[in-house]
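Structure first, then comments.
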Amino acid sequence: MNALIIVGIAVVLFFLGYRFYARKIEDLFGLDPKRPTPALTKFDSVDYIPAKNWLVLFGHHFSSIAGAGPIIGPVIAVMLWGWGPALIWVVIGTIFIGGVHDFGSLFVSVREGGVSIADIAQGVISRRAKILFSLFVWLALILVIAVFAWLCADTFVKEPKIVLPSLGLIPVAMVVGYFLYHLRLNAIFATIFGLASLTGLMFLGNIFPINASLSVWILVLFIYCFFASILPVNILLQPRDYLSSFLLFFGLGAGYLGLLISKPVISMPSFHGVSSSEGYLWPALFVTVACGAVSGFHALIASGTTSKQIANERHIKRVGYGAMVAEGLVAVLAIISASILFKNGEDFSSILKTESPTNIFGRGYGVITQNLLAGKGAFIAITILNAFILTTLDTATRISRYLSEELFKIKNRYLSTTLIVIVSAALALSGKWRKIWPVFGSSNQLVAALALFVLSCWLLSKKKSAKFTLWPALFMLFTTIAALLLQAVKYFKDKESLLFSVAVILIILAGIMVWDAVPVIFKRRGTPR
């Protein structure tokens with residue numbers, strides 16, 4: 001099958017979803033462009049700072065939510081169940097669940113003063129729900145920071161050519177931030193300067209690769225995370241993510257333009273079967289694709305950093321729902337990149353045992369862009385993936401600081417950030433994260449389900465219909481609980497006591513929170529307009 005047909009259908013559906021369904025969600029929540037946002041009413045020169053324009057904020061938000069998930073998850077799903085199920089879930093999930101989840105999390109946080117989704121849970125459900133949600137999220141973020149730091153460091157070791165552009169972008173971003181916010185120079189000039197510098201860094205990186213050990217790179221990355229967390233967002237985090245987004249957009253644009261030029265044909269069958277080495281199509285596919293369709297991590301970004309920087313409510317659809325659609329496009333490109341490499345009759349699941357999803361994506365992207373990027377596609381793909389990881393890493397550290405301050409009543413941002421860095425670095429350096437990581441996919445989707453329940457309760461408290469959030473919440477809840485139950489059974493049989501305990505604890509915590517949410521929903525369900 002011609003890959004262009006598949007891509008064309010996906011792109012059209014994404015456009016229709018953004019144009020019509022997102023507008024319906026926008027009307028439901030009730031945007032008010034004249035209402036001042038927390039970035040203005042709570043301006044503090046550190047966390048609450050209005051973005052220079054919505055494109056800058058879109059760059060920060062998209063770069064932060066688009067970690068390795070929308071690439072790795074879809075590639076694994078393609079290899080285990082086929083490109084058909086993966087593509088269908090990415091498109092449907094993005095439009096009807098992921099986009100709604102991200103838009104709602106950003107909107108409600110803005111309306112509630114820029115507080116986290118966990119804080120909102122206290123107001124609309126119960127204090128116990130807030131504490132459970134916060135602990136759940138805090139532990140998940142510690143794991144994310146540890147794993148992403150290790151993955152980034154490992155990439156530096158294996159691909160020393162990307163070190164200079166990856167780390168060199170940090171001082172460049174600070175200069176761009178200085179241009180935009182202190183000198184108030186033209187945004188176009190500042191952007192061109194930043195992009196030209198990034199291009200030069202990529203060129204120099206090929207000439208001057210930098211080598212160091214895994215431990216050294218992990219320590220360097222955590223030093224960066226510390227400063228990215230405590231510095232005002234407009235000095236480092238916002239401009240760095242903004243510039244990184246152009247690298248991501250370039251990679252996305254080059255990939256889709258490459259598809260038009262190369263016109264690749266997919267020989268891999270669209271469907272491999274209902275079961276694989278990782279489980280049945282339902283629920284395993286849905287927690288494997290993860291960020292490519294919906295991700296609880298997005299709610300943490302939306303209500304953690306983005307809601308504190310948005311300058312006008314009219315930008316919420318563009319930033320929240322729009323960035324999720326952009327991530328869906330990344331997932332579609334990853335699906336195509338994997339599916340064009342293999343032919344009918346190969347043992348696809350066995351290939352995953354010898355070749356990483358990252359490498360599969362890089363090779364496929366290289367094939368797609370062969371005539372466009374002069375054979376440098378694989379290098380660019382890895383650079384892009386590393387940019388995804390870095391932007392998620394620094395934003396996750398900052399959000400963990402917010403949660404630590406809320407949970408443990410630590411008012412000093414230096415102290416709370418130090419706590420996060422020490423715990424995450426210890427986990428990354430010890431290698432013990434490998435034992436816990438297998439359940440992260442399910443826990444991430446469970447956060448999405450719980451966030452959707454919080455949004456449903458918030459809508460009902462405002463006497464609005466909750467059907468657009470409640471049905472997705474129920475689907476994600478049943479799906480992730482089923483996945484965790486099946487994983488728990490497997491871990492019990494394999495005598496993996498740690499993983500079994502984590503899976504059971506996650507189920508119990510989610511059950512208690514839903515137990516608190518259900519009476520609220522039933523009490524208010526007769527009142528919506």
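The values are calculated or read from the model by the stated rules, or taken from the named source; none is laboratory data. None of the values given here were measured: they were computed from a predicted structure. With ideal geometry, Cβ positions are generated from the backbone for all residues, glycine too; neighbour counts draw on all protein chains shown. Quick note on the areas: whole protein, heavy atoms, side chains included, nothing else; ligands and nucleic acids left out. Shrake-Rupley method; radii C 1.70, N 1.55, O 1.52, S 1.80 Å.
Just to be sure I understand: if I project the alpha-carbon convex hull of segment 123-279 onto a plane and average over all orientations, what area do I get in nm²?
On the way: hull surface 63.3 nm².
Taking a quarter of the hull surface, the average projection is 15.8 nm².
Over all other residues within a Cβ to Cβ distance under 10 Å of R413, the charged ones net out to +1, with Lys and Arg as +1 and Asp and Glu as -1. The modelled label-to-label distance between I210 and F15, using points 7 Å beyond Cα along the C-beta direction, is 4.2 nm. Under the combined filter of DSSP loop state and at most 16 neighbouring Cβ atoms within 10 Å, segment 407-470 retains these chymotrypsin sites (Phe, Trp or Tyr not before Pro): F408. Taking each DSSP H run with n ≥ 4 as -39500 (n - 2.57) and averaging over every residue of the chain yields -24000 deg cm²/dmol at 222 nm.
In segment 30-182, the portion of solvent-accessible area held by carbon and sulfur atoms comes to 66 percent [1.4 Å probe, whole percent, DNA, RNA and ligands not counted]. Sorted into 5 angstrom bins from 0, the C-alpha pair distances of segment 143-182 split as 6, 22, 17, 18, 16, 12, 8, 1 percent.
Over 27 Å apart: what share of the alpha carbon pairs of segment 390-529 falls there, rounded to a whole percent? Can you show the working numbers first?
On the way: 3746 of 9730 pairs.
In whole percent, the long-distance tail amounts to 38.
Measuring how big segment 421-488 is from its alpha-carbon positions, Rg and Dmax come out at 16.2, 49 Å.
On full extension of the chain, what length is gained from M1 through L185, given 0.36 nm per residue of separation minus the C-alpha to C-alpha distance? It would help to have the intermediate numbers written out before the result.
Numbers: separation 184, 0.36 × 184 = 66.24 nm, distance 4.95 nm.
Separation in residues times 0.36 nm, less the Cα-Cα distance, equals 61.3 nm.
Based on Cα atoms of segment 1-56, Rg over Rh with Rh as the Kirkwood radius reads 1.23.
Selection among P232, I335, A284 by position relative to the dipole of the chain gives P232 as farthest towards the positive end (Cβ unit charges, Cα centre). Per residue, the convex hull around the alpha carbon atoms of the chain comes to 135 Å³. Spin-label model, D44/L474: points 7 Å from Cα along the beta carbon direction are separated by 3.9 nm.
When each full DSSP H helix of the chain is screened for a Cα extent of at least 24 Å along its own axis and an average Kyte-Doolittle hydropathy of at least 0.0, the helices passing are 127-158, 163-181, 187-207, 214-230, 237-262, 322-339, 377-407, 413-430, 440-461, 467-493, 497-524. Across all Cα pairs in segment 139-230, the calculated P(r) in 5 Å bins from zero up to the longest distance comes to 3, 13, 18, 19, 18, 14, 10, 4, 0 percent per bin. The alpha carbons of segment 449-504 stretch over 49, 15, 8 Å along the principal axes, in descending order. Excluding ligands, DNA and RNA, the accessible surface per residue across the chain is 38 Å² with a 1.4 Å probe.
Please report, as a whole percent, how much of the solvent-accessible surface of segment 431-525 comes from carbon and sulfur atoms (probe radius 1.4 Å). Walk me through the numbers before you get to the answer.
On the way: 3180 of 4520 Å².
Ligands and nucleic acids excluded, carbon and sulfur reach 70 percent.
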